[in-house]
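Q: Following this message is one structure expressed as structure tokens.
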Amino acid sequence: MTRETAPQLAELRRFDEEQFDLSKGPADIFLGDHHLRVVNPSRDLSPEQSRFISLEVPCVIIDPATVGQGSGLGYKGVHEDEAAVKLGTESTYGRFTFETGVEAIHASFSLTGNIVTVKDLGTAKGTYTPDDAPSEPAYDRHRTGAYVVDAFRAASHPILTTVREVSAPKAEVRYERSDITGGASTEPAEYRRAEGSPNEDAYFLDKVRPAAGVFDGVGSDDASHEASQLAARQNEYRLSLMPEVMDPAVSSKALGRSLALSNKEILDLAKDLDMDISTTAVMAKLFKNEEGRPYVSFAAAGDSRLYQMRNGAIRIVTLDDMASWDEERGILDISEAERRAMQETLSNVQDLRSLNNAQLAAFHGRNRITSALGGYDKPHTAHGHFPVRPGDRLLLVTDGVSDNLTTDEIKFMLKSYEDDDRAAMQLVHMARDRSRDMGRKRNPRAKQDDMTAVVMTYHGE
């Protein structure tokens, strides 16, 4: 592993406010110890660096070490005549990995024409720039295998180089809890497979800090998978930071807040991509209350679902946000209990002749939802909590599973397969087989869609 030379702070110029003419080239900015660049993406970024960034955005702040590695990671667009972008450890929604020397709200960036104005927001570590902006970054964090080398600088101390492990693949997790098991499966719709287009579903499953989530990208553009992948990645990270012991009311609100942050992240990403993207979401995490009793908190938006099965009985925990329940169809005013009853009916129907007009309208409107992360400034999100006992199973699915399969069929599959991986895979395969039943005597539930299932079983201590 080689050690690269990073500049001393003495080689940089500290400033409170500075303006840079972007038409003359990119600008290097240092927030304390962290190097960023302000660039014109169409001019200054390679195809690999810009593959997640719209080239129509005139100004983008990037982290040269991470830009291009994932949607929403290592970059933030700055738009003319809009509110200044404020960067710091508490304002970046996971886009940047800020560490030692970067404060909660460190600096602001605004754009007028070609002029970028950068202001230090009264920080102790300061904001810096080279006196003569180089054509290449004066300092960059660099990856070597499974490590990142971080050069930290201080005015009165020599350069110190520390090495830390970065996120390892899930397969390398060295331990798992004995009280929880889990498995997952996902498949794209067959028409996507034929077209070579990406699966718009995403999920996460953490069996060490027990949590899971599924996300179903929606939108008028072909990049909706960017929304679902971003939501999965960010929420997995945020939920992993939550303590195991929390008050149920507090933890459920925390999950709801995490979805609200995802909404902001996806709106920002949609602006950077200049695309209309959003995603549904459902998440669940295992906690203990202060008495040590286990419970699950959840949060949801859209029509991705959470089920709980206990002693062979199954219930749908979440309530779909469906566009068929709107003012145009005249059934928005029904109570939550009536909506749940309708959802139960529609979730088991196989013969549409058994439905009344309102139920039939709701069934045919299953694909239209009234809430999604990124699709609304303030989407409707639901959150709650419930106790769990040894043997309880949780199932999180996108509508590609729940629309194709009845609740009774889902219960049968969960009862038939004790292994969580096997249960998730069989649910997705059964939904896939149902989706093919589109002929003249088609099953009325059959629909082509991406399909994802995550199963978790609580075994107790």
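The values are calculated or read from the model by the stated rules, or taken from the named source; none is laboratory data. Given the structure is predicted, the values throughout are model-derived calculations rather than measurements. Here the Cβ is made from the backbone with ideal geometry for all residues, glycine too, and neighbour counts use every protein chain on show.
Q: Between a residue in segment 223-241 that is within 21 Å of K253 (Cβ to Cβ) and any residue that is surrounded by fewer than 22 Cβ atoms within 10 Å (Cβ to Cβ) and small (G, A, S), which pairs come within a Cβ distance under 7 Å, given they are 6 or more apart or on different chains?
A: Q234/G94; Y237/G94
Q: Which numbered condition trips up M322, out of (1) at pLDDT 85 or above; (2) within 25 Å of K411 (Cα to Cα); (3) surrounded by 17 or more Cβ atoms within 10 Å (Cβ to Cβ)?
A: Every listed condition holds for M322 apart from (1).
Q: Return the residues of segment 40-75 that are of a type in the set (D, E) and either touching a strand residue (DSSP E or B) at 6+ places or on another chain (Cβ under 6 Å) or assigned to a loop (DSSP other than H, G, I, E, B) (or both); say none if nothing qualifies.
A: From segment 40-75, those of a type in the set (D, E) are 44, 48, 56, 63; that's our starting set.
Correct list: E48, E56, D63.
Q: With a cut-off of at least 3 residues that are among the polar types (S, T, N, Q), name the strands (runs of 3 or more DSSP E) lying wholly within segment 180-288. Break it down stepwise before answering.
A: On the way: elements: 180-187, 201-206, 211-218, 281-288.
Here the list reads 180-187.
Q: Does L55 satisfy being in the same structural domain as D28 (by TED's automatic domain parsing) and more than 25 Å from A202 (Cα to Cα)? Write out each step before concluding.
A: Details: in the same structural domain as D28 (by TED's automatic domain parsing): yes; more than 25 Å from A202 (Cα to Cα): yes.
So L55 fits the description; yes.
Rundown of residues vs (1) assigned to a loop (DSSP other than H, G, I, E, B); (2) loosely packed, with under 14 Cβ neighbours inside 10 Å; (3) in the same structural domain as Y295 (by TED's automatic domain parsing), yes/no style:
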site: H383; (1), (2), (3): no, no, yes
site: V401; (1), (2), (3): no, no, yes
site: D408; (1), (2), (3): no, yes, yes
site: P444; (1), (2), (3): yes, no, yes
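Q: Check G391 against each of (1) surrounded by fewer than 18 Cβ atoms within 10 Å (Cβ to Cβ); (2) at negative phi and name the one condition it does not meet.
A: (2)
Q: To continue, here is another question. Give the number of residues within segment 99-119 that are out of contact with any Leu (no Cβ under 7 Å at 6 or more places or on another chain) and part of a loop (DSSP other than H, G, I, E, B).
A: 6
Q: For the condition free of Cβ contacts under 8 Å to residues at least 40 places away in the same chain and touching a Lys or Arg at 6+ places or on another chain (Cβ under 9 Å), what is the one hit in A84, A65? Write out each step before concluding.
A: Details: A65 fails: free of Cβ contacts under 8 Å to residues at least 40 places away in the same chain.
Only one candidate passes the filter, namely A84.
Q: Name every residue in segment 247-302 that is over 13 Å from the mean Cα position of the chain (by Cα) and of a type in the set (S, T, N, Q), in order of residue number.
A: Scanning segment 247-302 gives S251, S252, N289, S297.
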